[in-house]
Amino acid sequence: MMTNKINLVGSGNNEKRTFYIFKKDRNFFKIFPDLLEKLGFGLISEAIKEKYQSQEDKIWELKSYLDNFINEKFDIDLIIASNRIILIIRSDPKNRTFLVDVIKSYLL
């Protein structure tokens, strides 16, 4: 059972784009690889787990960081700012319910 949760501070969507704004928190680095796996990124999630969990202690040093992940259903931009983490997720509207359910499973 997952015990790590993150704090959502804002969200929105339009047609093919959904965004989530999270409080900058080290739990994000624990959760993000699992989130990618649930969204169908498979092998990528293992490499990301190593990359981001090794960065866990440096979260406050990342103030202007961008990464992108693409599979057949989702195109995700990860933006790490000085005090927020932003996910911008592009997908067909038919995938939105699944996406929202996955995101909700990680929220405080």
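Only one of the numbered conditions (1) surrounded by 10 or more Cβ atoms within 10 Å (Cβ to Cβ); (2) among the charged types (D, E, K, R); (3) modelled with pLDDT under 90 is not met by Glu61, and that is (1). Kindly establish whether Leu78 is surrounded by fewer than 14 Cβ atoms within 10 Å (Cβ to Cβ), under 23 Å from Glu15 (Cα atoms), out of contact with any Phe, Trp or Tyr (no Cβ under 6 Å at 6 or more places or on another chain) and at pLDDT 75 or above. No; evaluated as a whole, the condition is false for this residue.
Every residue, every condition in (1) touching a strand residue (DSSP E or B) at 6+ places or on another chain (Cβ under 7 Å); (2) not hydroxyl-bearing (Ser, Thr, Tyr), yes or no:
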residue: Ser11; (1), (2): yes, no
residue: Phe22; (1), (2): yes, yes
residue: Phe29; (1), (2): no, yes
residue: Ile48; (1), (2): no, yes
residue: Glu61; (1), (2): no, yes
residue: Arg90; (1), (2): yes, yes
residue: Val102; (1), (2): no, yes
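Here Lys49, Lys38, Lys30 are screened, and the one residue that is among the basic types (Lys, Arg), at pLDDT 85 or above and either over 10 Å from the mean Cα position of the chain (by Cα) or more than 22 Å from Phe98 (Cβ to Cβ) (or both) is Lys38.
The values are calculated or read from the model by the stated rules, or taken from the named source; none is laboratory data. All of these numbers come straight from a predicted model, not from anything done at the bench. Note that each Cβ is placed from the backbone with ideal geometry, even for glycine, and that neighbours are counted across all protein chains shown.
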